[in-house]
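First up is the structure itself, then whatever we jot down about it.
Just so it is clear, none of the values below were taken in a lab; they were calculated from the coordinates. Please read these numbers as outputs of a predicted model, since none were measured by experiment. Cβ atoms come from the backbone with ideal geometry, glycine included; neighbour counts cover every protein chain shown.
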Amino acid sequence: MTDHSQLDPRPGPDGEIAVEAWVRTSADRTEAMQPLVSQWRPAETPVFSAYDATDTGGLLCAGHYGAVFDGRHVYYCPIRPFRRRDSVHGHVLRCDTHADFHDPAAWEAFDAGNTDGLTTVSYYGASFDGRHVIFTPREDLQGYHSRVLRFEVGRPFGDPASWSAHDAGLPVSGQGAATDGRYVYFPPGYESVPGRPFDESVPSGRVLRMDTHGEFRDPGSYQVFDTSRLSPEAVCFDGGAFDGRYIYLVPLIHGVVARHDTLGSFDDPASWEVHDARPHGLGMNVGAVFDGRWLYFCSYGHSRMVRYDTTRPFADADAWESREAGGTDGLDTGGFDGGFFDGRYVYYCPWTRRAAAGEIPFHCNFLRYDTTRPFAEAGSWSGFDASRTDGLHTLGYNAGAFDGRYFYGAPLFDGRGEAYHGRVLRCDTLGDGGAFSLRYGDYGHNGGLCAAVPGPSFLINTEQGVRGVAAYRRLKPGAHHLSGVYDGRSLSLYVDGELAARRQASGRLVACDAEVTVGELSGGSARFEGTVERARITPAAVRP
């Protein structure tokens, strides 16, 4: 008999709380957001804030291609501060999400442009493996490069010894990242060809894969597979995704999606397949968002939105849906870079649209889809104009990172002059609608161009912001006991009675009127794919 009787969400007198779940599952959907016991209700109306981080730590921090979250800090990937390709740099910007977003002390920057004697500049997205932030290499002054940059989390951010680099020797631009928990996949964009101009005229299908369990500088830790062997149009991707089994490469120019079955061999063409999704309406894309079942492609420069049902065969025409979403709520909602999922809504991050003559194409009109409603219905969609936030001119964002409550947009270009900008835009998707959420798994590729596999996690929503802790490992199907404990000073996660992760955390839990839910989020679509046999909330920091 399932026991959900002990679910009083009130914390102890000092704010301490323990949330437990005894579960059983036969599914292995590690990349899905799977809530177990939660008092967490995504907000119907997002709230935006902004901070100008352009000048941080004496460095010019403008122009970012994506961002990644390590459980506390958001790292913004440096590309270049001006439209000129010769302005590339390695100024990594970092935000402490435990600090006040508007306080300059929450922000720091480090010039990683000369790490281990290599020219380590211009990065496009990043991955987090639980220990290292791994930046996807893009280009330098001579051409495209594969000098992977890595930061060891927990070490001083400004210490060069915390950083390392390795040249994989591939003249291909990486564009985004995907990971299955062990391997990092760098979706290929374009190639540099000796004797030819450095431009975007040679699309590539050469996927670089890095084994995070191998030695970082060992050439044996890197492999390459060329997806053009499958189709001449299976080239030039921008972003990747993981659904728990398959790695998807998001097509930028051709509409041909490639995916790799991680149960097969990376270098075996039989473990790869491609699908031409143009008949389903798929155009240009940058990044994708996964809600646990559907993969949403983020349309680039247009407003034809397409999604794929990952539970159905790749080539099944009925597994694909599309909708024209331009003009939602009277806004020009077309043209995005990446997006995110909060447990109910999929948000598309605004970048560039098809503008009329004389108009700036860069915009800040967020498009949002309610995953609890039909994809084809107009009422399932909404738009939000965040182009003027906190007195700042906030246009043009290139994906970003999600901490469980806030999405942090990576600033790029607003269309004015030649200079890129560093005005970070933050979207609050929760407000006071949540207090805690214990999860069997969480969505690590949440941002569109970033990648992680958090595994089990425990989130709390404090008056100062969300705090979270995750195991960064997959659980095998079967029976498990998970426990999240907050004592006012630290946040701990236990899996099957063993401490899986701990992080310093403080702050009073938000007073919340959302219902306590088991196996789902209040009002959302995120679900646990199994059975919660028992759940308990204790108003004390009780450890198993």
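Dimensions of the range 1-147 from C-alpha coordinates, computed as largest minus smallest value along each principal axis and given longest first, are 66, 39, 31 Å. Taking all C-alpha pairs of the range 384-516, those more than 23 Å from each other amount to 45 percent.
Approximating the spin labels as points 7 Å out from Cα along Cα→Cβ, the Thr311-to-His102 distance works out to 4.4 nm. Protection proxy ranking of 508-520, 359-371, 14-26, by the mean of other Cβ atoms within 10 Å over each peptide's residues and highest first, is 359-371, 14-26, 508-520. Once both labels are positioned 7 Å from their Cα atoms along Cα-to-Cβ, the gap between Lys476 and Asp432 label points is 4.6 nm. Over all pairs of different C-alpha atoms, the range 72-185 has a mean inverse distance whose reciprocal, the Kirkwood radius, equals 14.4 Å. Here the Debye sum runs over all C-alpha atoms of the chain as equal scatterers in vacuum, and log10 of I(q)/I(0) at q = 0.05, 0.06, 0.07 Å⁻¹ comes out as -0.17, -0.25, -0.35. Relative contact order of the chain: 23 percent, from C-alpha pairs under 8 Å at least 6 residues apart in sequence. For the peptides 485-494, 349-358, the ranking by mean Cβ contacts within 10 Å, running from highest to lowest, is 485-494, 349-358.
Can you give the net charge of the other residues whose Cβ lies under 12 Å from the Cβ of Gly343, counting K and R as +1 and D and E as -1?
Working: positive: Arg41, Arg344, Arg405, Arg439, Arg527; negative: Asp291, Asp342, Asp370, Asp442, Glu520.
Net local charge, Gly343 excluded: 0.
Let a ≥ b ≥ c be the square roots of the eigenvalues of the Cα gyration tensor of the range 296-455; is it rounded (a/c under 1.5), or, if not, prolate (a/b larger than b/c) or oblate? Spell out each step's value before the answer.
Working: a/c = 1.73, a/b = 1.21, b/c = 1.43.
Here the range 296-455 falls in the oblate category.
When each of the peptides 247-255, 411-419 is scored by how many other beta carbons lie within 10 Å of its residues on average, the order from highest to lowest is 247-255, 411-419.
Defining a contact as two alpha carbons under 8 Å apart and six or more residues distant in sequence, what relative contact order in percent does the range 333-403 show? Walk me through the intermediate numbers first.
Details: 138 pairs, mean separation 23.1, N = 71.
Relative contact order of the range 333-403: 33 percent.
Could you tell me the relative contact order of the range 344-491? Use alpha-carbon pairs under 8 Å, at least six residues apart, and round to a whole percent. It rounds to 15 percent for the range 344-491.
Can you tell me how much longer the chain between Asp116 and Ala27 gets when fully stretched, taken as 0.36 nm per residue apart minus their C-alpha distance, in nm with one decimal? Walk me through the numbers on the way to the answer.
Numbers: separation 89, 0.36 × 89 = 32.04 nm, distance 4.27 nm.
Residue separation times 0.36 nm, minus the Cα-Cα distance, leaves 27.8 nm.
With the cut-off at 1.5 for a/c, could you classify the range 234-330 from its C-alpha gyration tensor as rounded, prolate or oblate? In terms of gyration-tensor shape, prolate.
In a fully extended conformation the segment linking Glu324 and Val542 would gain 73.4 nm over its present Cα-Cα distance, using 0.36 nm per residue.
The modelled label-to-label distance between Asp14 and Ser271, using points 7 Å beyond Cα along the C-beta direction, is 5.0 nm.
Cα convex hull of the range 380-422: mean projected area in nm², to one decimal?
Details: hull surface 16.5 nm².
Quarter of the Cα hull surface area: 4.1 nm².
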